[in-house]
Structure formats: structure tokens, C-alpha cells
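Here the structure comes first, spelled out in C-alpha cells, and everything after it is commentary.
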Amino acid sequence: QVQLVESGGGLVQPGGSLRLSCAASGMIFSINLMGWHRQAPGKQRELVATITSGGSTNYATSVKGRFTISRDNANNTVYLQMHSLKPEDTAVYYCAARSSSVTSGSPGDYDYWGQGTQVTVSS
């Protein structure tokens, strides 16, 4: 089993920045891909960004150039640095992990999930 705990959400004004953290524990040797997904009210969960154990990254088109995913292997933590936030970025952000290193946009392909952290972008 792998446990994922997110932190760092909150309320921010448009154009502002936030950094989300996801701390992993348990059988983390089994994980080859970690990512951030988000779900806004009334919408489907969507992939935001992923990072492999080797450091390769992928981003949704809507966040490319504004968000950066990174990882600290020593502390088993993955980060999502978000800049130039827009109201449409408002959502619950979830950390997810899977044993495969292949990026997938399907939430069902991920083996483990965190509890989510709310990000609200509003003036």
C-alpha cells in the first residue's frame, strides 16, 4: 500500500501562485509515476501533470507554461508549483500514483490517491 497526503491548497487571487505538496509513504518502491489531477464542481476529474521516477514530465495544455511538477526523492515528495493562476484553475487537486510509468489521463489507471486539497482562485 501507498499513502499520499496533499497539502498547500488555499485561496489565492487571480495571477497569484501556490505550491502543492504530496508526501508519499509505504511501498513507494512500487511507484513509477506520480501526478496531479483536479476536479472542479460539476466536471470530470482531469489530469494536470505527471512525473516519472526518472523525472520525465507531462502537462495538460491548459497549464503548460504556468505549472511545474517536480519531485524530491530524498523526501518522497512531489510538488506542483502553480503560477499565473486563473479562476478556471479552481478545483480540488488530487495527488495520484501508479506502478506503470506510462502517463494516463484516465483516473481509473491510477492505483493510489490522496484525499485532495482545495484550490480556489478568486478576487
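The values are calculated or read from the model by the stated rules, or taken from the named source; none is laboratory data. Just so it is clear, the model here is predicted, and its values are computed rather than measured. Positions of Cβ are generated from backbone atoms using ideal geometry, with glycine treated the same way; all protein chains shown enter the neighbour counts. Surface accessibility is based on the protein's heavy atoms, side chains included, excluding ligands, DNA and RNA. Shrake-Rupley method; radii C 1.70, N 1.55, O 1.52, S 1.80 Å.
Observations on the model:
- Full extension of the segment from V102 to I28, taken as 0.36 nm per residue of separation minus the current Cα-Cα distance, would add 25.0 nm.
- With all pairs of separate Cα atoms included, the stretch 25-118 yields a Kirkwood hydrodynamic radius of 13.4 Å.
- Between N73 and Q44, the distance separating the two model label sites (each 7 Å from Cα on the Cα→Cβ line) works out to 3.4 nm.
- Size of charge dipole - the chain - debye, nearest 20, with Cβ of Lys, Arg +1 and Asp, Glu -1, no other charges: 200 debye
- Other residues whose C-beta falls under 11 angstrom from the C-beta of V92 contribute a net charge of +2, scoring Lys and Arg +1 and Asp and Glu -1.
- Per-residue HN-Hα couplings for the stretch 108-116 [Karplus 6.51, -1.76, 1.60; θ = phi - 60°; Hz; x = Gly/Pro]: x, 7, 9, 8, 9, 9, x, 7, x
- Distance in nm between pseudo-label sites at E88 and A60 (7 Å out along the Cβ direction from Cα): 1.0 nm
- Each peptide in 64-74, 44-54, 12-22, 28-38 receives the mean, over its residues, of other Cβ atoms within 10 Å, and ordering these scores from highest gives 28-38, 44-54, 12-22, 64-74.
- Note on T120: accessible area is roughly 50 Å² with a 1.4 Å probe, heavy atoms of protein only.
- Averaging the sequence gap over all C-alpha pairs within less than 8 Å and six or more residues apart, then dividing by the number of residues, gives the chain a relative contact order of 36 percent.
- Over all pairs of different C-alpha atoms, the stretch 1-52 has a mean inverse distance whose reciprocal, the Kirkwood radius, equals 13.1 Å.
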